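**Student:** The structure under discussion is supplied below as structure tokens; questions concerning it will follow.
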Amino acid sequence: MIPDALSSRGVTHFRNLVQNKIDTKLAFLRTTGSIADKDVPVNFVPTTRLAGIVQFLVKSAGNAASGYTNLHTEQMAALRRAWKTDVITSVGKHMIRIPEAVSAGWPVWNWPGANTNYALKKMMRSICSELKIRIDM
């Protein structure tokens, strides 16, 4: 999510939607629908686990103490207060070619654009590695 007021509200809405609507309704349908265990797909998970909240497209501000714009610094701090360890520590900085790669359906580190550099690949590996550790728990 982008650390701004709109996206910050969206995270809360999305999490509540998954937990209170989707998970609850699927559990209700499974128990009240008399579905036999053999008919439940092996990949069915009764409760959704949040791997992490990734702060992305964070804009830099050269001389700022945090290194980011005031708006993003404030929102990042607010998100960490609200969601604590659900927010991963790696930050996705606003770098050229990220939106282009995503739009084209390419992994960012594999985008054939001229500006896909080592810093971008390192940043994306850091984010993915942190999420994978959480998923594997």
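The values are calculated or read from the model by the stated rules, or taken from the named source; none is laboratory data. Note that the structure is predicted; figures quoted are calculated from it, not measured. In this analysis, Cβ positions are derived from the backbone assuming ideal geometry, glycine residues included, and neighbour counts consider all displayed protein chains.
**Student:** Are there any pairs with C-beta distances below 8 angstrom linking a residue in region 25-52 that is without any contact (Cβ under 8 Å) to a residue 24 or more places away in the chain and within 27 Å of D86 (Cβ to Cβ) to a residue that is of a type in the set (D, E) and surrounded by 10 or more Cβ atoms within 10 Å (Cβ to Cβ), with the two at least 6 apart or on different chains, and if so which?
**Tutor:** These pairs meet every condition: P46/D23.
**Student:** Out of the residues in region 49-69 that are in a loop (DSSP other than H, G, I, E, B) and not hydrophobic (A, V, I, L, M, F, W, C), which is farthest from M123 (Cα to Cα)? If you could, list the steps in order and put the result at the bottom.
**Tutor:** If we filter region 49-69 for residues that are in a loop (DSSP other than H, G, I, E, B), which is where we start, we get 49-52, 59, 61-67, 69.
Pick out the ones that are also not hydrophobic (A, V, I, L, M, F, W, C) and you get 49, 52, 59, 62-63, 66-67, 69.
Details: R49: 24, G52: 16, K59: 14, G62: 18, N63: 21, S66: 17, G67: 15, T69: 19 Å.
Top of the filtered list is R49.
**Student:** Among the candidates A119, A77, which residue alone is assigned to a helix (DSSP H, G or I) and either within 30 Å of K25 (Cβ to Cβ) or touching a residue at least 12 places away in the same chain (Cβ under 8 Å) (or both)?
**Tutor:** On the way: A77 fails: either within 30 Å of K25 (Cβ to Cβ) or touching a residue at least 12 places away in the same chain (Cβ under 8 Å) (or both).
Unique residue meeting the criteria: A119.
Per-residue answers, yes or no, for (1) of a type outside the set (S, T, Y); (2) under 30 Å from H94 (Cβ atoms):
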residue	(1), (2)
S7	no, yes
V18	yes, yes
F44	yes, no
A61	yes, yes
G67	yes, yes
L71	yes, yes
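**Student:** Of all residues in region 27-72, count the ones that are of a type in the set (S, T, Y), closer than 20 Å to I96 by Cα and surrounded by 14 or more Cβ atoms within 10 Å (Cβ to Cβ). So that I can check it myself, show each step before the final result.
**Tutor:** Keep residues of region 27-72 that are of a type in the set (S, T, Y), which gives 31-32, 34, 47-48, 60, 66, 68-69.
From what is left, the residues that are closer than 20 Å to I96 by Cα are 60, 68-69.
Right, trim to surrounded by 14 or more Cβ atoms within 10 Å (Cβ to Cβ) and you get 68-69.
Residues meeting the conditions: 2.
**Student:** Within region 82-103, can you find the residues that are surrounded by fewer than 14 Cβ atoms within 10 Å (Cβ to Cβ) and either of a type in the set (V, I, T) or modelled with pLDDT of 85 or more (or both)? Walk me through how you get there before you give the answer.
**Tutor:** Pass one, region 82-103, residues surrounded by fewer than 14 Cβ atoms within 10 Å (Cβ to Cβ): 82, 84-85, 89, 96, 99, 102-103.
If the condition is that a residue be surrounded by fewer than 14 Cβ atoms within 10 Å (Cβ to Cβ) and either of a type in the set (V, I, T) or modelled with pLDDT of 85 or more (or both), then A82, K84, T85, T89, I96, V102, S103 are the ones that fit.
**Student:** Does P112 count as exposed (fewer than 15 other Cβ atoms within 10 Å of the Cβ), closer than 27 Å to R9 by Cβ and either polar (S, T, N, Q) or modelled with pLDDT under 90 (or both)? Quick ask: steps written out before the conclusion?
**Tutor:** Working: exposed (fewer than 15 other Cβ atoms within 10 Å of the Cβ): yes; closer than 27 Å to R9 by Cβ: no; either polar (S, T, N, Q) or modelled with pLDDT under 90 (or both): yes.
No: the conditions fail for P112.
**Student:** Is region 9-18 home to any residue that is touching a helix residue (DSSP H, G or I) at 6+ places or on another chain (Cβ under 8 Å) and within 25 Å of S129 (Cβ to Cβ)?
**Tutor:** Yes, because at least one residue in region 9-18 is touching a helix residue (DSSP H, G or I) at 6+ places or on another chain (Cβ under 8 Å) and within 25 Å of S129 (Cβ to Cβ).
**Student:** Also, I was wondering about something else. So F28 fits all but one of (1) in a loop (DSSP other than H, G, I, E, B); (2) farther than 25 Å from M137 by Cα; what number is the exception?
**Tutor:** Unmet condition: (1).
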